[in-house]
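The values are calculated or read from the model by the stated rules, or taken from the named source; none is laboratory data. Just so it is clear, the structure is predicted and the values come from calculations on it, not from any experiment. Don't worry about glycine lacking a Cβ; one is built from the backbone with ideal geometry, like all the others, and counts go over all protein chains shown.
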């Protein structure tokens with residue numbers, strides 16, 4: 001009888017320890033996944049800010065050159081320049097831009113599956129006090145983050 005109680009005790013202890021290890025493992029896995037997502041969003045934000053700097057400097061052709069293949073395939077360089085120049089001139093000079101959100105996603109409506117970060121900025125322009133810019137970098141085939149979408153509201 002004592003032997004059976006001892007075995008039952010050790011089995012229960014082993015199960016509790018296994019459960020604890022499992023919970024710790026899942027916690028660590030979650031932390032690592034969040035860290036990887038955080039690193040990904042940071043790299044995407046850096047790409048978005050560099051690209052926006054070109055647009056802010058009215059280097060629209062260069063912004064098209066630096067955009068993702070998906071972006072360049074959707075609009076010609078000439079059409080991009082014709083579309084963005086009057087919009088940005090109506091807004092005036094950039095006054096401030098603050099990160100509102102950055103969300104990693106693997107799919108977007110109308111776009112092929114891939115790695116995207118949808119980034120929103122609260123932006124102030126000379127002629128528009130409150131604008132919401134949405135910039136969507138994607139990881140291109142070479143592993144670099146490049147802007148695939150841009151929208152101002």
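If I filter the stretch 45-56 for residues that are touching a helix residue (DSSP H, G or I) at 6+ places or on another chain (Cβ under 9 Å), at pLDDT 95 or above, more than 24 Å from residue 143 (Cβ to Cβ) and surrounded by 14 or more Cβ atoms within 10 Å (Cβ to Cβ), do I get at least one hit? Yes, the stretch 45-56 contains at least one residue that is touching a helix residue (DSSP H, G or I) at 6+ places or on another chain (Cβ under 9 Å), at pLDDT 95 or above, more than 24 Å from residue 143 (Cβ to Cβ) and surrounded by 14 or more Cβ atoms within 10 Å (Cβ to Cβ).
For residue 153, the conditions (1) at pLDDT below 95; (2) surrounded by 15 or more Cβ atoms within 10 Å (Cβ to Cβ); (3) more than 14 Å from the chain's Cα centre (by Cα) all hold with the exception of (2). If you go through the stretch 68-80 and keep only what is part of a helix (DSSP H, G or I), without any contact (Cβ under 8 Å) to a residue 40 or more places away in the chain and surrounded by fewer than 16 Cβ atoms within 10 Å (Cβ to Cβ), you end up with 73, 74, 77, 78, 79.
For residue 65, the conditions (1) touching a residue at least 12 places away in the same chain (Cβ under 8 Å); (2) in a helix (DSSP H, G or I); (3) surrounded by 13 or more Cβ atoms within 10 Å (Cβ to Cβ) are fulfilled apart from (3). Taking the stretch 116-145 as the range and being surrounded by 16 or more Cβ atoms within 10 Å (Cβ to Cβ) and assigned to a loop (DSSP other than H, G, I, E, B) as the test, only 140 passes.
Scanning the stretch 90-108 finds one or more residues that are modelled with pLDDT of 70 or more and part of a helix (DSSP H, G or I). From the list 133, 115, 81, 62, the one residue that fits, being touching a helix residue (DSSP H, G or I) at 6+ places or on another chain (Cβ under 8 Å) and farther than 21 Å from residue 45 by Cβ, is 81.
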